[in-house]
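This report refers to the structure that appears directly beneath it.
The values are calculated or read from the model by the stated rules, or taken from the named source; none is laboratory data. These numbers come from a predicted model, not from an experiment. Neighbour counts are summed over all protein chains in view; Cβ atoms, including those assigned to glycine, are modelled from backbone coordinates with ideal geometry.
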């Protein structure tokens, strides 16, 4: 497995990325790396990680995309020469199985679209996240790539998310829900209702359409895949992150107020550590760009090395389980069914 | 203060509502009630609450709006005769200062719009919620009344939310944020950007426009008022509720796994109780319908009596602090400013 890495991405760049890759190597010893970055910043750290160095090929790049560059700006200054661009291009050239970056999301998506292009039948890409739930994990998309998706795009997201759930969770027929509001009066924007009808009609297909789900269903794990357009998905993800932080802060202050609470905390510390582990965003780090001719993983810019290793391992598993092939065959099956239905409708009309 | 109450609303109806009102009475002894409901179900419980009975006037209604009635159905069968309708109508007639119901949200909004009508300058109503934050509380709107608001509607929501924050939080100039996504590439749907420009230009006004905020800012309490359209607001609210439940469930299972954790839990129990209190949704129950010619409060249908009392007290405070008057004067000030600017622009053109 060859992984191309934008070593300069993230708030801490090489100092976070390289130890993260080294950690991944202990878990996935067959990984090899194509590293892209500024040699002055990368090589001194790489020297200290001989195991990683032994399985890496380093390419120096003059240009680094800044965390606050606008996508258009990043494309202009970084196309063909930045560490981000070259890492993506390695996937296009077939030199790497997937690419990972903790850099600026907008720039990474713009460059990925420009370099890899969207798949044949897909109009717009999506960013999928792994959402921890009471039952385990779900795939949730889109996290912000496509604002205001139409019905067909929502259906594409459902198919791609379903393929990802099959690749990651070892499920034959993942259940799919469309995120919606529960107020009866307004239930279903037109595009969500239409997407629901199309998904319901999909037969003999590798997914099980559940229906509409609400915000509360995300944490419950009601379905394996939750589909929404990028604006709502991004707000939901960040609201959940914010709520988790808020409760951690309440918990911390509750456990330090009195000597009894402090003592109780000490006794229950292993339990609190388990809880912290469960709530640790590092563990579920990694947004997967879906719908492009190649896999690109976005790690959180503020992730630590552990988080970067998790995100890289997510890419590893996805590629190992042939996600792109699964998406292509699902989309092809869907297109054949749509075509047959159109033909039948045509026949019905001409009779 | 006279409060009209749809006693039949909520999953448990009178058995939850009447003890809730009785609880409110201990906190707000000057409250009086106009109760609407089915006499067979209301009177036996009211008999057992003599203090409440002494300050209540009961009206029997044949019809009860069901929790799963569609709004159109509820209007057809319940207009003029259901407990929900009559409670709202008491506000219209000036017999009550505000109305409260734990009934079906869609039906309550449809009836409220039909009976009270929207205010002069307001095109669409909003539902505002009180959001607990690390710093205290914020007003967040819209929670699902208006799906896909345009720029002008978002500005209206900002003004109404600002008036509500002034009425509740004793602030002179509440800070206002527009909920948006942080991905630079897509930052700002057009209507949100336009609303931001209008709010930024509002001078000498009783609000302080902060700019865009993200999902994580909700729990942080970055601003006093967070404005979004109803689809996103509803998803954000329910995602936060779901995340809080999910973490409670993690916490519960962590604290019962080992004897050390159990003992620690016992010692820290008062701290946990404080935490539970903080995370208790009953404490922040109550959606406020804004933009109508009268105040209607929606309590959560699954709320307990404590939660219903909180929601009622929210209405009490809002009316006590003259929310409607504040909204009207803010809207009038805004209209004058808009008109002046339009005149100036006109003058500029004609020169």
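Per-structure values
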| quantity | calculated |
| --- | --- |
| Lone unmet requirement of (1) surrounded by fewer than 21 Cβ atoms within 10 Å (Cβ to Cβ); (2) free of Cβ contacts under 8 Å to residues at least 60 places away in the same chain for residue B:19 | (2) |
| Verdict on residue A:264 being within 8 Å of chain B (Cβ to nearest Cβ), surrounded by 19 or more Cβ atoms within 10 Å (Cβ to Cβ) and in a helix (DSSP H, G or I) | yes |
| Residue count, the range A:242-254 (criterion: within 25 Å of residue A:268 (Cβ to Cβ) and either assigned to a strand (DSSP E or B) or facing another protein chain (nearest Cβ under 7 Å) (or both)) | 9 |
| Residue in the range A:284-301 that is surrounded by fewer than 21 Cβ atoms within 10 Å (Cβ to Cβ) and farther than 30 Å from residue A:110 by Cβ present | no |
| Which numbered condition residue B:220 fails, given (1) within 20 Å of residue A:215 (Cβ to Cβ); (2) buried (at least 18 other Cβ atoms within 10 Å of the Cβ); (3) in contact (Cβ under 8 Å) with a residue 40 or more places away in the chain | (2) |
| Answer from B:257, B:274 - the residue that is modelled with pLDDT under 85 and either assigned to a loop (DSSP other than H, G, I, E, B) or more than 7 Å from chain A (Cβ to nearest Cβ) (or both) | B:257 |
| Only one of A:117, A:79 that is farther than 19 Å from residue A:311 by Cα, within 18 Å of the chain's Cα centre (by Cα) and more than 14 Å from chain B (Cβ to nearest Cβ) | A:117 |
| From A:9, A:37, residue being surrounded by 16 or more Cβ atoms within 10 Å (Cβ to Cβ), under 21 Å from the mean Cα position of the chain (by Cα) and in contact (Cβ under 8 Å) with a residue 40 or more places away in the chain | A:9 |
| Candidates A:96, A:102 - the one that is modelled with pLDDT of 95 or more and touching a strand residue (DSSP E or B) at 6+ places or on another chain (Cβ under 7 Å) | A:96 |
| Selection count, the range A:208-241, where residues are touching a strand residue (DSSP E or B) at 6+ places or on another chain (Cβ under 7 Å) and more than 8 Å from every other protein chain (Cβ to nearest Cβ) | 14 |
| Residue A:91 vs. criteria touching a helix residue (DSSP H, G or I) at 6+ places or on another chain (Cβ under 6 Å) and either under 13 Å from residue A:111 (Cβ atoms) or assigned by TED's automatic domain parsing to the domain that holds residue A:309 (or both) | no |
| Top-ranked residue of the range B:277-300 - restricted to ones that are assigned to a helix (DSSP H, G or I) and more than 21 Å from residue B:12 (Cβ to Cβ), ranked as farthest from the other protein chains (Cβ to nearest Cβ) | B:277 |
| Residue satisfying condition, being more than 30 Å from residue B:261 (Cα to Cα), in a helix (DSSP H, G or I) and modelled with pLDDT of 85 or more, within set A:348, A:315, A:333 | A:315 |
| Hits in the range B:132-167 - residues which are within 13 Å of another protein chain (Cβ to nearest Cβ) and surrounded by fewer than 20 Cβ atoms within 10 Å (Cβ to Cβ) | B:134, B:135, B:136, B:137, B:148 |
| Conditions (1) touching a helix residue (DSSP H, G or I) at 6+ places or on another chain (Cβ under 8 Å); (2) modelled with pLDDT under 90: number failed by residue B:249 | (1) |
